[in-house]
Amino acid sequence: MSGALPPPSRSGVRLGGDLYQWLVAWRGCVTVLRDLALRPANPVVAVGVEADGAGNLDDVIFYRTQPPNSYEQVKYAVDSATPVNEGYLLSPSPTGGPSILAKIAAAWRSLTAGGSPVDLALVTNRHPDPGDPLIRDRDSRTQLLLPKAGFQGPRSDRGKARQRWAAGAGVSEQELLELLGVLRFDLGRDPQHLRELVQLLMLATGLRHEDQAIDAGADWVARMVRDGHKTLSLDLIEKAVQDLDLKQGPARAVLSIATLKPDPVADQADWSLDWTDRFDGTTAYSKRRPKAPATWAQLQADIEAAPMHLHGKTDIAVTGSLRQAPAFCTGAAFRVVSGADLAILQRGQIWSTSADYEVATPAAVKHALGQGPDLAVAIAVATDPTTDVLDYLRDQQLPVDSLLVLAPPSGVAKDNSVPDASAANALAVGIRNAVRAAVRTAPHVHLFLAGPMGLALMLGHRWNRIRPTTVYEDVATDDFYEPAFTIDA
């Protein structure tokens with residue numbers, strides 16, 4: 001490890017901010033190409049960077065065929081000393097000029113003077129202040145402060161904050177609410193998160209998506225800006241892809257499935273499932289099971305309907321936030337026999353089911369139970385769940401003859417035991433083969449997963465010619481697990 005870094009210089013801060021803006025702009029350029037391939041109703045057709053006529057919302061502009069265009073103000077910070085709150089938004093600039101919110105309000109008034117609708121965004125790696133009366137009400141799905149920011153009367157904390165915001169922005173309170181209806185607060189967008197978003201979009205668009213390719217795209221934007229190009233047209237973007245040798249393959253359909261936290265790619269997905277409000281828990285870590293009246297069966301039905309909504313597309317990028325059982329169910333919905341090729345972002349890498357591999361034989365240990373004819377299987381890759389699974393099988397008196405524990409070839413379960421897509425494919429095929437051999441006389445499989453989410457997806461993708469399988473989820477209760485899905489295999 002390199003250890004702590006010294007504080008950045010002023011030029012370092014400026015360069016960091018520029019790179020952040022160029023990445024946001026390159027994301028827009030990739031969106032232009034993706035919209036060209038998918039032909040949505042109102043595609044993004046060009047990207048503006050520090051364009052004229054947009055006031056303080058000129059950092060990056062997504063121009064569409066018809067309004068609303070998206071105007072984004074990009075703000076980069078080197079640390080978390082200044083969260084987004086009333087003080088940050090209403091304080092005068094360092095030179096004594098208008099505040100950030102006042103500048104945004106002025107630009108909004110100018111852009112909408114002719115009656116055209118707009119979409120506005122403040123994009124920053126600064127995080128929201130959970131103590132701010134209005135910012136804390138931000139809807140993470142829409143990135144808007146409404147509707148909650150408009151609740152309660154003038155004497156409430158919200159009402160008093162609205163009055164201060166309106167005064168600071170130089171608008172009436174009604175105008176403030178109209179502004180907040182179109183102003184997205186895209187907060188906590190750390191540079192690494194932004195790079196991962198761009199990487200996913202490049203993958204889905206059929207472009208090379210390794211770090212060098214992302215940097216090449218951002219550097220190209222910087223050169224265009226230095227050369228005076230304030231509008232990056234489709235022709236310019238396509239020429240850049242050719243000159244930079246970024247084209248790799250066909251565009252992928254994007255399937256977004258969010259159960260733990262909102263997916264930033266959902267609005268650009270071909271099909272999306274948002275179950276974040278239907279899972280029990282207040283944080284992504286604590287969300288482990290559907291919240292009544294939602295059920296696992298409903299989630300399975302939604303996942304298994306995804307191929308129909310993708311209209312037969314077989315090259316698919318899976319985005320979102322999933323635990324083990326839903327990831328396995330997603331892979332099973334697009335099994336290898338259907339010709340599907342799935343790709344997912346795992347630890348900053350793209351794991352694709354089409355990656356080359358040589359089959360890896362997992363280490364296997366069998367524990368006799370003698371409780372019935374079925375086979376239980378525990379995947380011990382990230383950690384070893386053997387003790388918990390055995391306790392659960394015995395406590396629940398499941399009709400299981402034995403528990404087969406499958407680990408990486410080394411026999412050691414650890415969080416980095418699957419380093420890349422090739423290793424994940426190799427282990428998934430090896431596990432499937434081992435289960436096939438062990439299940440010949442068993443009528444049913446009970447499956448417990450402890451590994452990377454990407455491995456669960458790949459395992460479900462290849463789970464065929466086995467037996468009907470019940471997949472269990474670790475729900476972190478006294479019972480350890482609960483049955484989630486039953487897969488016909």
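The values are calculated or read from the model by the stated rules, or taken from the named source; none is laboratory data. These numbers were taken from a predicted model, which means no experiment stands behind them. When we count neighbours, we look across all protein chains shown, and the Cβ atoms used for this are built from the backbone with ideal geometry, even at glycine. Only protein heavy atoms, including side chains, enter the accessible area calculation; ligands, DNA and RNA are left aside. Shrake-Rupley method; radii C 1.70, N 1.55, O 1.52, S 1.80 Å.
Quick look at the numbers
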{"item": "Out of 255, 244, 203, sole residue that is within 20 Å of the chain's Cα centre (by Cα) and over 19 Å from residue 193 (Cβ atoms)", "result": "255"}
{"item": "Matching option when the condition is closer than 30 Å to residue 39 by Cα, surrounded by fewer than 15 Cβ atoms within 10 Å (Cβ to Cβ) and in contact (Cβ under 8 Å) with a residue 12 or more places away in the chain, among 320, 331, 348, 370", "result": "348"}
{"item": "Search result, residues across segment 234-251 that are out of contact with any Lys or Arg (no Cβ under 8 Å at 6 or more places or on another chain) and either surrounded by 15 or more Cβ atoms within 10 Å (Cβ to Cβ) or of a type outside the set (S, T, N, Q) (or both)", "result": "234, 235, 236, 237, 238, 239, 240, 243, 244, 249, 250"}
{"item": "All positions within segment 176-200 that are assigned to a helix (DSSP H, G or I) and in contact with a Lys or Arg (Cβ under 8 Å, 6 or more places away or on another chain)", "result": "176, 177, 194, 197, 198"}
{"item": "One residue from 405, 337 being touching a residue at least 24 places away in the same chain (Cβ under 8 Å) and either open to solvent by 60 Å² or more (accessible area, probe 1.4 Å) or in contact with a Cys (Cβ under 6 Å, 6 or more places away or on another chain) (or both)", "result": "337"}
{"item": "Where residue 80 falls short, out of the listed (1) loosely packed, with under 13 Cβ neighbours inside 10 Å; (2) closer than 13 Å to residue 124 by Cβ; (3) modelled with pLDDT of 85 or more", "result": "(3)"}
{"item": "Search result, residues across segment 249-284 that are in a strand (DSSP E or B) and of a type outside the set (Phe, Trp, Tyr)", "result": "253, 254, 255, 256, 257, 258, 272, 273, 274"}
{"item": "Residue tally, condition outside any loop (DSSP other than H, G, I, E, B) and either without any contact (Cβ under 8 Å) to a residue 40 or more places away in the chain or open to solvent by less than 10 Å² (accessible area, probe 1.4 Å) (or both), over segment 428-444", "result": "8"}
{"item": "Odd one out for residue 228 among (1) open to solvent by less than 30 Å² (accessible area, probe 1.4 Å); (2) outside any helix (DSSP H, G or I); (3) small (Gly, Ala, Ser); (4) at pLDDT 90 or above", "result": "(1)"}
{"item": "Verdict on residue 153 being open to solvent by less than 20 Å² (accessible area, probe 1.4 Å) and touching a Gly at 6+ places or on another chain (Cβ under 6 Å)", "result": "no"}
{"item": "Condition met for residue 51 (aliphatic (A, V, I, L, M), in contact (Cβ under 8 Å) with a residue 12 or more places away in the chain and over 30 Å from residue 30 (Cβ atoms))", "result": "no"}
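Every residue, every condition in (1) out of contact with any strand residue (DSSP E or B) (no Cβ under 6 Å at 6 or more places or on another chain); (2) under 30 Å from residue 212 (Cα atoms), yes or no:
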| residue | (1), (2) |
| --- | --- |
| 257 | no, yes |
| 270 | no, yes |
| 273 | no, no |
| 280 | yes, no |
| 289 | yes, no |
| 316 | no, yes |
| 331 | yes, yes |
| 357 | yes, yes |
